[in-house]
Amino acid sequence: MASDGDIETDVDGTITWRTLLSETEQRLIEAGVVDSTISARRIVEEASGFEGPALAVGLSELATIRGVARLDRMVERRSTGEPLQYVLGRWSFRHLDLMVDRRVLIPRPETEVVTERALDELRRMSALGTPIAVDLGTGSGALGLSLAKEHGSAEVWITDVSPDALDVARANLAGLGRHGTRVRVAEGWWFSALPIELAGRISVVASNPPYVAPIETLPAEVADWEPRNALVADADGFAAFEVLIGESPRWLIGGGALVLECAPHQVERLCAMAEVDFAIVEPFDDLGGRPRGIVARLASST
């Protein structure tokens, strides 16, 4: 039998995944996990190998000893408050299945909207030839790798100051297949990571930078697990924005665009900052209708 606190199962594996799903949810409820139903389902999917619609059939199958052991480890981690995404070790983002762990931020739906706006700008700039896109502070690679996968020809650079984050991004790049041949990885602080030859040639600069002010209080599941340097920025959360907005015009081609994610309360100030050097500045909302970022375009050189 399993040890105390684990899901009980005979060593010959005579328990179904359906029973394990029920017991997993109960364990998570007792541990105080808020999304116990979702977490239980995703953990059982990962442990059993039956995902999505296949789980309905797979629940009647008998679990393997190895599968139960893996499930137990994941339940223990989730019960401590570790985010589900890290427990699973992967998470979906648009058309990608990304490896994620504590070295990088968890990809969120808000950034999917930012990615869509960056893709819009890349498509617009494609009329001038093969566009170049840069994802500064890439983390897991979610934004930049999505640009490479969803745009048929763009050359994409992904950068981060954290070598640990770039290790994760490279692992995700390896799974991109032929689309990955158009991606370059560079380590460094914002634009300093890029070769100077790119100055004045980039079509789109996109970023989901740190934008939480040091005095802000984050939920425990974020503050205790996700990398602080990818979340928190000095100058009331605007330190990274000052660099990105201030230096982008030097790196962008005429008509090129800067696409930034931010917090809802930051949009108005960001627009005012960008209007100094950019011809067109447009805020945009996330799927919940909240202000989520800006698109700033340089005047055309023609």
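Odds and ends about this structure:
- Residue count, the stretch 266-292 (criterion: within 17 Å of LEU252 (Cβ to Cβ), open to solvent by less than 60 Å² (accessible area, probe 1.4 Å) and small (Gly, Ala, Ser)): 1
- Residues located in the stretch 176-202, provided they are closer than 20 Å to ARG250 by Cβ and either acidic (Asp, Glu) or under 21 Å from the mean Cα position of the chain (by Cα) (or both): ARG184, ALA186, GLY188, TRP189, TRP190, PHE191, ALA193, GLU197
- Taking first residues from the stretch 128-155 that are at positive phi and partners that are assigned to a loop (DSSP other than H, G, I, E, B) and open to solvent by less than 10 Å² (accessible area, probe 1.4 Å), the Cβ contacts under 6 Å between residues at least 6 apart in sequence or on separate chains come to GLY137/PRO209; GLY139/VAL104.
- All positions within the stretch 100-159 that are open to solvent by less than 10 Å² (accessible area, probe 1.4 Å), acidic (Asp, Glu) and either modelled with pLDDT under 95 or not in a helix (DSSP H, G or I) (or both): ASP135
- With a requirement of 2 or more residues that are under 17 Å from LEU143 (Cβ atoms) and at pLDDT 95 or above, the helices (runs of 4 or more DSSP H) lying completely within the stretch 188-302 that satisfy it span 239-251.
- Search result, residues across the stretch 195-242 that are open to solvent by less than 20 Å² (accessible area, probe 1.4 Å), touching a Cys at 6+ places or on another chain (Cβ under 9 Å) and either under 14 Å from VAL134 (Cα atoms) or not hydrophobic (A, V, I, L, M, F, W, C) (or both): PRO209, GLY237
- Every test in (1) crowded, with 18+ Cβ neighbours inside 10 Å; (2) more than 14 Å from ALA40 (Cα to Cα); (3) touching a Leu at 6+ places or on another chain (Cβ under 8 Å) is passed by SER92 save one, and that test is (1).
The values are calculated or read from the model by the stated rules, or taken from the named source; none is laboratory data. Keep in mind that what you see is a predicted model, and the values were worked out from it rather than measured. Here the Cβ is made from the backbone with ideal geometry for all residues, glycine too, and neighbour counts use every protein chain on show. The protein model used for the area step is the full one, side chains on, heavy atoms only, and it has no ligands, DNA or RNA in it. Shrake-Rupley method; radii C 1.70, N 1.55, O 1.52, S 1.80 Å.
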